[in-house]
Amino acid sequence: MTVRTGSCLCGARAYEIDGDLDGVWVCHCSLCRKASGSNGNAILIVPVDRFRWVKGEDHGVTFALRETYSITRCRTCGTPLPAETDARNVYVTAGTLDEPLGKGVRTHLFCASRADWDRDEPDARSFDERPTRSG
């Protein structure tokens, strides 16, 4: 069986997921955009019985923004961490995986709320690494 690992930026919290994952979901609602500071939250939906904390389970801070929306972050580095507010699934922040997933985005949610800048301009540039000053 495949076991995937994940952790926060500073390594204080770490988890494991048993089994394969079928792809990433990206939520573009205004709450997820604010919580991430980006175009949305990229998550993996993992059944509760396939997820476990292996380090620092008590090292998170949860912010309950409303009854149906909360975010948990690492107490030290602030990394957004898996959400465990659902009895059936854990919503794992895809960027916290330690190894490549080998799958892409399979679902976009709340696309009507997508930020107007969440698109490439026709002359958008792309770099494999950080560009030089003149680049």
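Nothing in this text is a laboratory measurement; each read-out follows from the coordinates by a stated rule. Nothing here was measured: the structure is a model prediction, and the numbers come from that model. Cβ atoms come from the backbone with ideal geometry, glycine included; neighbour counts cover every protein chain shown.
Some observations on this one:
- Potential lengthening between Thr76 and Asp20 on full extension [0.36 nm per residue; Cα-Cα distance subtracted]: 17.2 nm
- Max mean-square fluctuation residue, GNM over the chain, Cα-Cα springs under 10 Å, options Val90, Val61, Val26: Val61
- Sequence of Asp58, Asp20 once ranked by neighbouring C-beta atoms within 10 Å, starting from the fewest: Asp58, Asp20
- Cα-based convex hull volume of the range 3-113 per residue, rounded to whole Å³: 103 Å³
- Counting 0.36 nm for each residue step from Lys55 to Asp118 and taking away their Cα separation leaves a gain of 19.2 nm.
- Under the combined filter of DSSP loop state and at most 16 neighbouring Cβ atoms within 10 Å, the range 27-135 retains these GluC sites (Glu not before Pro): Glu57, Glu67, Glu129.
- Sites Ser30 and Arg125 - FRET efficiency at Förster radius 30 Å, r taken between beta-carbons, to 0.05: 0.60
- Choice from Leu44, Leu65, Leu109 showing the highest fluctuation, given a GNM over the chain with Cα pairs closer than 10 Å: Leu65
- Mean residue ellipticity (222 nm) of the chain, computed from DSSP H runs ≥ 4 via -39,500 (n - 2.57), nearest 500: -1500 deg cm²/dmol
- Ordering Val92, Ile71, Val54 by Cα displacement along the dipole of the chain toward the positive end leaves Ile71 in first place; charges were set at the Cβ atoms of Lys, Arg (+1) and Asp, Glu (-1).
- Mean-square fluctuations from a GNM of the chain, with a 10 angstrom spring cutoff on Cα atoms, peak among Arg33, Arg13, Arg88 at Arg88.
- Cβ-based net charge around Thr5, under 12 Å, with every Lys or Arg adding one and every Asp or Glu removing one: 0
- Leading residue at positive end of dipole, the chain (Cβ point charges), from Val3, Leu31, Asn41: Leu31
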